[in-house]
Each structure stands twice: as structure tokens, then as C-alpha cells.
Amino acid sequence: MVRVCVYCGSSPGNRPEYADTTRAFCNVAADRGWDLVYGGGTVGLMGIAADTMLARGRHVIGVIPHSLFDKEVVHRGVSELVEVDSMHERKAAMAHHADAFVALPGGLGTLEEVFEALTWTQLRIHAKPCGLLNASGYYDELLAFLCHTAREGFVNQASLDLVVVEADPERMCDSLEERLRL
Ligand code: AMP
């Protein structure tokens, strides 16, 4: 059984497709019997991810710092609420509970979280696959920039290959499962 950590926006974004893809990804994950680790809020795509998994009867772990209880409106309906004292503790706890990571569309928080998970994979602090779900081309420019970092000699291709990039939720879950089996 896979526990997937989803990093995603505390906002819903400007296009309904972002919420649609979040629901689609969570439904595919639920179909496979996966459980969810996420940031513990009710707002934005985060809340949609949690509610979709809960509605499918999956186990949902929310990890949230006390300081964000009000801002992100803590989700009292999750299966397990892990309360922490800082953002650093939050990321460590999310990574600890998860087998794999997926970034859905999101803002600075999402980017920071997924890049930390990726650098930990790169440094072999953990061996957990990381994916970018490129819903509606949201990550196109970031992916172009990542190619630039390799061309300019700051990131090697092997590190870039650690990032699982898929636009389709089924294919994302297939690719993560494949890497988890390796
Ligand atoms: P955003 O993508 O900016 O909407 O944020 C998504 C989630 O990341 C929210 O739960 C933010 O509170 C969280 N977040 C933002 N910055 C950090 C950080 N430095 N460490 C951990 N989580 C963060």
C-alpha cells in the first residue's frame, strides 16, 4: 500500500482544471488503494485533495504547524492530524510518512516542498520517487527552466531524470509504482 504525499496550492488557482486534476489524481490513487499525506488544511487544492480521498474511504494524514491552524483552516475531519511546531518539522513529518511525492499545481510553498523532496532523493537521504503532475501545462515553464539548469551545467541529467513528469494521473501513478518496485 502506497502513501502518497501531495504538495499542492493552498489556493485553487484561476482555472477549474486545477481542481479537476486534483480530484482526478486522488480518485486514481484511491482506486489503487493508496493513502494520502498532505498539509492538513481545508483551503485550496489541499482541501480538495483531502476531501476526495476521505470520500473514497482512504486514510488521510494531515501535517500542520500550529501557526497555520487559522490561515489554512485546519481540517478536523482527517483520519490522523499531526500537529507540529514549524514548517521544517512539517516537511520532515510529511516526508517520513510518505513513500512517494507528487506536486500538483501550487505556489511557493508547493515548489519549496517538492524541491526539498527532490534534493533529498538526489542526495540519497531517501529513495522515494517524486513527480510533477503537469496539469494543463502548469509546470511547462518550470520544466523548460530545469532543462536550462542542465544545459548550463548546474544540474546533471541523472538528477533531472529523478523527476517523474506526467500530465495524466493514471500515468503518474503507473510511473511512481514502477519506481517503487525498483
Ligand atoms: P502554496 O503552494 O504557497 O499555496 O503553499 C502550499 C503549502 O505549502 C501550504 O500548506 C503552505 O503553508 C506550505 N508551505 C509554504 N512554505 C512552506 C515551507 N517553507 N515549509 C513547509 N511548508 C510550506
Query raised in the report: So which residues in segment 66-85 are at pLDDT 95 or above and either near the ligand (Cβ under 8 Å from one of its atoms) or in a loop (DSSP other than H, G, I, E, B) (or both)?
Result: His75, Arg76, Gly77, Val78, Ser79, Asp85
Query raised in the report: Say we look at segment 24-59 and pick out the residues that are within 15 Å of the ligand (Cβ to nearest atom) and not small (Gly, Ala, Ser); which of these is nearest to Glu113 (Cα to Cα)?
Result: Tyr38
Requested in this report: Give the residues of segment 4-23 that are in a strand (DSSP E or B) and either surrounded by fewer than 18 Cβ atoms within 10 Å (Cβ to Cβ) or within 15 Å of the ligand (Cβ to nearest atom) (or both), sorted by residue number.
Outcome: Cys5, Val6, Tyr7
Report summary line: All conditions in (1) of a type outside the set (S, T, N, Q); (2) over 28 Å from Arg32 (Cα atoms); (3) modelled with pLDDT of 95 or more are true of Leu123 except (3)
Query - Subset of segment 143-182 that is among the acidic types (Asp, Glu) and under 16 Å from the mean Cα position of the chain (by Cα) - its residue that is nearest to Ala19 (Cα to Cα) - result: Asp168
**Report entry** Candidate set from segment 86-102 (those that are near the ligand (Cβ under 9 Å from one of its atoms) and within 13 Å of the chain's Cα centre (by Cα)); member that is surrounded by the fewest Cβ atoms within 10 Å (Cβ to Cβ)
**Finding:** Lys91
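The values are calculated or read from the model by the stated rules, or taken from the named source; none is laboratory data. As the structure is a prediction and not an experimental result, all values here were calculated from the model. Note that each Cβ is placed from the backbone with ideal geometry, even for glycine, and that neighbours are counted across all protein chains shown.
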